[in-house]
Structure formats: C-alpha cells, structure tokens
1. Within the stretch 208-235, restricting attention to residues that are open to solvent by 10 Å² or more (accessible area, probe 1.4 Å) and charged (D, E, K, R), which residue is farthest from residue 275 (Cα to Cα)?
2. Can you name the residue in the stretch 128-175 that is closer than 13 Å to residue 198 by Cα and of a type in the set (Val, Ile, Thr) and, of all such residues, is most open to solvent (accessible area, probe 1.4 Å)?
3. Can you tell me which residue in the stretch 205-246 is nearest to residue 172 (Cα to Cα), limited to those that are in contact (Cβ under 8 Å) with a residue 60 or more places away in the chain and under 19 Å from the mean Cα position of the chain (by Cα)?
4. For the stretch 104-113, which positions are assigned to a loop (DSSP other than H, G, I, E, B) and modelled with pLDDT under 90?
5. Considering only helices (runs of 4 or more DSSP H) fully contained in the stretch 1-103, which possess at least 2 residues that are open to solvent by 10 Å² or more (accessible area, probe 1.4 Å) and either in contact with a strand residue (DSSP E or B) (Cβ under 6 Å, 6 or more places away or on another chain) or under 21 Å from residue 139 (Cβ atoms) (or both)?
6. Among the residues of the stretch 278-291, write down those that are part of a helix (DSSP H, G or I) and within 21 Å of the chain's Cα centre (by Cα).
7. Please specify each residue of the stretch 264-287 satisfying the condition of being aromatic (Phe, Trp, Tyr) and either under 17 Å from residue 66 (Cβ atoms) or free of Cβ contacts under 8 Å to residues at least 12 places away in the same chain (or both).
8. Which condition breaks for residue 290 when tested against (1) within 20 Å of residue 111 (Cα to Cα); (2) free of Cβ contacts under 8 Å to residues at least 60 places away in the same chain; (3) open to solvent by 40 Å² or more (accessible area, probe 1.4 Å)?
Amino acid sequence: MRDQDVPGYIEQLGIPGIVDAHAHFMPDALLKRIWTYFDQAGPLLGRQWPIRYKWTQEARVAHLRDMGVVGFTCLSYAHRPGMAEWLTDWGLEFAAETLPHGEEVPPGAIASGTFFPEPGVDAYVASALDRGCRVFKIHLQVGDFDPLDSTLVPVWGQLADAGVPVVVHAGSGPMPGRFTGAARFGEVLTAHPGLRAIIAHMGMPDERDFFELLDEFPELMLDTTMVGTDFMESIHPFDVGLLPRIRDLGLSGRVLFGSDYPNIPYPYAHQVEVLRRWDLGDEWLAAVLWGNGAAIFGVS
C-alpha cells in the first residue's frame, strides 16, 4: 500500500477518515535535533533509523490531510526539567492553528501536552486541562524518570479525574530504560485505576506483560505505533499469538491507531497495511483506524 492509496482504502471501509493517536509535531528547532539524533543512530535507538518525512511543518500537515487523516495528536515529550510547560503551550497553540475554518476542512491537530517530574508540574497540567488539552504524552525511556515520582502523584489524579488520556512510552523498546517495563507503570495504575493510559507501541517488547494489565485496568488502552512493521519486526518481532485478544480489544474500543509520523523509516501507509495483513476484519479496522480514536479524542 502506498500513501496515495490510503484515501481509497478509507472509502472502502466506509469511515470518515483516520484518527492518529501517536503523531509528533513540535517546535522546529527541537524536531531537527531529534532528527539529527536519529540520523546518528543514537544510543537509545540501537540501529540506523532513516526518517522518511523530513518536511516542513506545513507539508507534513498537508500530507496527513491528503491521506484522509482527519484527527492527529501533536505529541512532544521532555527529557529534562523546564521543557514540558513550554512544549505544552506550543502544542495547544499548534492545535488551535490547525482547527477547521469551514465544514469541509478536516478537524486537524488534537490539543496535546506533556509533563515532567518537577516543581509546579501539577499547576501547568491543570492549566493545560483548563485550556482544552485532550491528550498528554510521556516517554519513560527518553525522559529517564520514575512514573512513581512524588511530584507526579497529583498529576495522575488530575488526569484520571478529567478522563483525559496520556500516551505512555513504557515498553523497553527500542532499548530498555531504567524505568521502562510493565511492573513500574502498573504501580501507577494500581494507585490511579481510573487513569486512561494509552500504552505506546503496545508495550513492545514487553507486550505480554502489558496485556496482563488490561484485565485489571479497564481504562487501559494500546496504540499500534510501529507494531508489526517490517522495520520493527527485525528488532522486536511482535507476538502474533496475541492477535485474537487484539481483535476483541479493538472491537471494545481499547486499541487505537498510531503511526509515529513523521519519525518513521517507511511510508505512513505501511502501518495501515500491517493492520490489514492481520486479517481481523473490516469492522475491527474501522474501529481502530477511526471509531476508537474519534471517541477518545472527541473527533467528529
């Protein structure tokens, strides 16, 4: 499947478009530093990672819309104190700029924020929620912080009370971190069972450990980001024995489509093609590509 084939596939499924729960937009200077890190195969990557979509912000937004992606997060994440608040401010402004200006224009970016364990984190998260932030993102590998840090206790409570989801990179791929793995984040969920956490990459390569948490925590969700792609299969082959469970979870609203756009080394359409290869049915595909994300993020 090529990117230009995606709109036709959307039409075939009879859905309004795709909602992408795991796309990245952030200030250009920061994004370019991230691209340089990927170009140099930084130590957290473990391999070469040539990014396909090194385009301008305007071109990247236009490409999503051309493919029929009608809602997409603008996820960022902090790796040190003092970053998260201004990244969140940027994300809210970016989302406001890509809102529709007419009935025929797609909804665009979903207002996204991030946070870091630091003094004042509860205040800027509360402010972001008041201003309409609809999803947060944290990266426990890159951020190298403990999700059980005491400064984050009120934040988890705020998000649980607000019903606003947080995309969490807690799996140990592509390389393990000090605080990755299901056990550590499972303690957060035990303390805040109503938290609507979306486990990025289905928790690879610890997917079975994260799947064990799904029965205990009904608000826990997964995203499909990079799962099963040819690139990722060479690093962490996905456990296809989980596919029957993934089908049930997708039909019950707990699997969301995610891409990692633009920081991927293959066409966007490849992730859609991978999900089609799983042969879980058109109803499942329609739910994962559109319905589940639209419900979680309020995309109409």
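The values are calculated or read from the model by the stated rules, or taken from the named source; none is laboratory data. Bear in mind that the values here come from a model prediction, so they are computed numbers and not experimental data. Ideal geometry is used to build each Cβ from the backbone, glycine not excepted, and the neighbour counts take in all protein chains shown. When the accessible area is computed, the model is the full protein with side chains, heavy atoms only, and any ligands, DNA or RNA have been set aside. Shrake-Rupley method; radii C 1.70, N 1.55, O 1.52, S 1.80 Å.
1. 216
2. Step by step, filter the stretch 128-175, then rank; the result is 164.
3. 236
4. Passing the criteria: 104, 105, 106, 107.
5. Counting at least 2 such residues, we get 28-39, 84-97.
6. Result: 284, 285, 286, 287, 288, 289, 290, 291.
7. 268
8. The one condition residue 290 does not meet is (2).
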